[in-house]
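Bear in mind that the values in this text are calculations on the coordinates, not laboratory data. These figures come from a predicted structure and were not determined experimentally. So basically every Cβ, Gly included, is an ideal-geometry build from the backbone, and we count neighbours across all protein chains shown.
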């Protein structure tokens, strides 16, 4: 339990937030050690320990971001007993859109109506949001404000769905993944009540982008990592200031903002990046409460820019200090307690772009790490670049939610060969590796580019 002020949000008053979630992951995976590592000339240790990914989820020939979105929503509706007429809005965050005009959510509604009946979603509005990996979190923020003033018995759904794809043999190839997460938003939620304090950071960067007509992204790796750290710490500062003004988190002398967060979830392009992000935030936050003095006793003082002849020398010293901070007992203890478990599922799935931060929430739910009253911090990042930091409290009935069964489902996946993966990656495999059953499939793309989907019994 955190040392945060107060009990559950708003002293028991009406709140909005995440009531439940569902995750869909393709039934295929490629292990990164073995055949893949040998073919790319990469030390398996760099993959398993270096970036933290063991298996990469791979969509089958009949799958795309839209079918995965429809599947995660179907799982959510069946899990929660949710009927179409209760859903007021479906917001979908993705980097994997197949159309420059038509919202992916309309394709998703079309697929769900094959199960629930034609016209069953007519009163539901939908929009597709694009802001790199932060899109789903921005959709959640927007929808939470709508839900707070909604005067009918409606709920909202926010969906993240992506296929993370990079050129074969590129430095980004081993950080690929695929999957979808659907979040059920409602008043007085069971899982997470949002505290409606959002800290933002935005600036124009060319760290990661995908020009029109390209199927794979342009990535400036080192620069992208630094943009992530700058943006997340900037958003954290914005959040801390707003939380103090609203008296949501009010540290006393000697306390830090992170003292009030029982778990902190970050965007997960790969698990090791979560370590970098949390180290940057803890280091930054601890300066405000002088906890850095204890760290300095262990690893020495932080480098000062004025102590070096040029920016290159200072940069090298700063990088060295950051590495030593990330190995300090103070940080390792905080990381193990508040962050490490959030990357559990990502190690078996890889990067799913807009949904990766919510895989962290699913990880905590699967590992039974959530307790009523705990406060969670969320640090979302989208290349380009934007970050958003917000918080929520675990509800009193969160423990009543059944497990998602994701660990078991991940073990039931079919391992594919390197040759099968490369054919799927390049779009050369027409026939599905696993025959679809009880799922949505991309049935074809007509001469005008319209995508046709169907539900396979």
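Averaging the Cα positions of each part gives two centres, and for region 54-100 and region 327-341 these lie 33 Å apart.
Bridges between two residues of the chain, per DSSP, are antiparallel at a rate of about 70%. Across the chain, the mean sequence separation of Cα contacts (distance under 8 Å, 6 or more residues apart), normalised by length, yields a relative contact order of 26 percent. Restricting the calculation to Cα atoms, region 86-180 yields a radius of gyration followed by a Dmax of 15.4, 53 Å.
Most exposed first by the Cβ proxy, i.e. fewest other Cβ within 10 Å, how do 166, 29 rank?
Going from least to most buried by this count: 166, 29.
Computed log10 I(q)/I(0) for region 348-396 at 0.16 Å⁻¹: -0.54, from the Debye equation with unit scatterers placed on every C-alpha and solvent omitted.
With 0.36 nm allotted per residue and the present C-alpha distance subtracted, the residue 400-residue 188 stretch has 74.9 nm of extension available.
Using just its DSSP H runs of length 4 or more, each adding -39500 (n - 2.57), the chain gives a mean residue ellipticity at 222 nm of -10500 deg cm²/dmol after division by all residues.
The mean sequence distance of close C-alpha pairs (under 8 Å, at least 6 residues apart), as a share of the length of region 166-225, puts its relative contact order at 27 percent. Hull volume per residue, based on the alpha-carbon atoms of the chain and their convex hull, is 147 Å³. Could you tell me which of rounded, prolate or oblate describes region 204-290, using a ≥ b ≥ c as the square roots of the eigenvalues of the alpha-carbon gyration tensor, with rounded for a/c under 1.5 and, failing that, prolate when a/b is larger than b/c and oblate otherwise? Prolate, because a/c is 1.5 or more and a/b exceeds b/c.
Segment residue 372..residue 85, full-extension length gain: 100.3 nm, with 0.36 nm per residue of separation and the alpha-carbon distance subtracted. Among 246, 187, 89, 431, the ranking by other beta carbons within 10 Å of each residue's beta carbon, starting with the fewest, stands as 431, 246, 187, 89.
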